[in-house]
Amino acid sequence: MKRMLIGALGAFTLLASPASAQEPGPEPAVATFGSGCFWCTESDFDKVEGVVKTISGYMGGLTRNPTYSQVSTGRTGHAEVVQITYDPAKVSYEKLLDVYWMNTDPLDASGQFCDKGSQYRPVIFTHTEEQKRLAEASKQALIDSKRFKQPIVVEIKPATDFTAAEDYHQDFYKKSAFHYKRYRIGCGRDARLQALWGKSPTN
């Protein structure tokens, strides 16, 4: 009887172990990119499979909890950015970097496209040493490719405090689609990206 009970218990354990042995997937990770107007950056990254959430906001300045009006003066030191929560099991940080470069003018330190000022500067904010390593490697690879004669001016900086932008900025490309499309076309964003990367406008 004892032998049968042990055998039965062993059989139960063996059958149950595959389910109990399943390990949870990796925790969601965060990336932060600035490439000019955050309405457009948010739209670009929302299309990437594996991106869980995007939030438009501000990073890199000294003023605490800045408003859009304050950041727009160019005096707070902040850049408009999008903070991205992504699933590393579905999309890698390297892939996000590829998307970033293809949606950025890496030659313009004064802003991006029609938007000028330090608040529109192109910048990659890194949250870990690994992100820093990968970001620097991707920038160096672009330099080494000699695709452009001009310097690559995208900054790579450690992430600092992030302040989410006002609600009306979030998902602006969805909530105000007509205004967004008119702005994006008028700003010449996709025309410039196509000239730089041969990227057909899709937004």
> Given LYS95/LYS149; LYS116/LYS181; LYS90/LYS116, which pairs have Cα atoms separated by over 31 Å?
Replying inline: LYS90/LYS116
> Quick one: Karplus J couplings for the range 97-103, per residue in order, coefficients 6.51, -1.76, 1.60, θ = phi - 60°, nearest Hz, x for Gly and Pro?
Replying inline: 4, 4, 4, 4, 4, 6, 10
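For every other residue with a beta carbon closer than 9 angstrom to the beta carbon of SER138, add +1 if it is Lys or Arg and -1 if Asp or Glu, then tell me the sum.
Result for the local shell: -2.
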>> Once you order the gyration tensor axes a ≥ b ≥ c over the Cα atoms, which shape class does the range 91-203 get: rounded for a/c under 1.5, otherwise prolate or oblate by comparing a/b with b/c?
In response: oblate
>> Just to verify a number: what accessible area does PHE125 come out at with the full protein assembly present, 1.4 Å probe, Å² rounded to tens?
In response: 10 Å²
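Tell me the net charge near ARG75. Cut-off is 15 Å between Cβ atoms, ARG75 excluded, with +1 for each Lys or Arg and -1 for each Asp or Glu.
Result for the local shell: +2.
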> In nm, what is the difference between 0.36 nm times the number of residues separating GLU129 and GLU49 and their Cα-Cα distance?
Replying inline: 26.4 nm
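222 nm [θ] for the chain, helices only, -39500 (n - 2.57) per DSSP H run of 4+, per residue, to 500?
Only helices count here, giving -12000 deg cm²/dmol.
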> Which whole-angstrom value gives the distance between the alpha carbon centres of the range 49-104 and the range 141-203?
Replying inline: 11 Å
> For the pair ALA177 and LEU107, how long in nm is the line joining their label points, each one 7 Å along Cα→Cβ?
Replying inline: 3.4 nm
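Once the other residues with Cβ under 12 Å from the Cβ of SER176 are scored (Lys, Arg +1; Asp, Glu -1), what is the net sum?
For residues surrounding SER176, the net value is +4.
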> Given that just one value was derived from the coordinates, which of (i) 1, 7, 14, 18, 18, 14, 8, 4, 2, 3, 3, 3, 2, 2, 1, 1, 0; (ii) 1, 6, 10, 11, 9, 6, 5, 4, 4, 6, 7, 9, 8, 7, 4, 2, 0, 0, 0; (iii) 1, 7, 14, 20, 22, 18, 11, 5, 2, 0, 0 is P(r) over Cα pairs in 5 Å bins from 0, in percent?
Replying inline: (i)
> Taking the mean number of other Cβ atoms within 10 Å as a proxy for protection, how do you rank 157-165, 29-37, 173-181, 94-102 from highest to lowest?
Replying inline: 29-37, 94-102, 157-165, 173-181
> What whole-number value in Å² describes the accessible area per residue of the chain for a 1.4 Å probe?
Replying inline: 56 Å²
> By how many nm would the segment from ASP144 to GLU166 grow when fully extended, if each residue of separation counts as 0.36 nm and the alpha-carbon distance is taken off?
Replying inline: 4.0 nm
>> Computing the accessible area with a 1.4 Å probe over protein heavy atoms, can you report the carbon and sulfur percentage for the chain?
In response: 57 percent
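The values are calculated or read from the model by the stated rules, or taken from the named source; none is laboratory data. Remember, it's a predicted structure, so these values are computed and weren't measured experimentally. Neighbour counts run over all protein chains shown; Cβ positions are idealised from the backbone, glycine included. These accessible areas exclude ligands, DNA and RNA; they are computed on the full protein's heavy atoms, side chains included. Shrake-Rupley method; radii C 1.70, N 1.55, O 1.52, S 1.80 Å.
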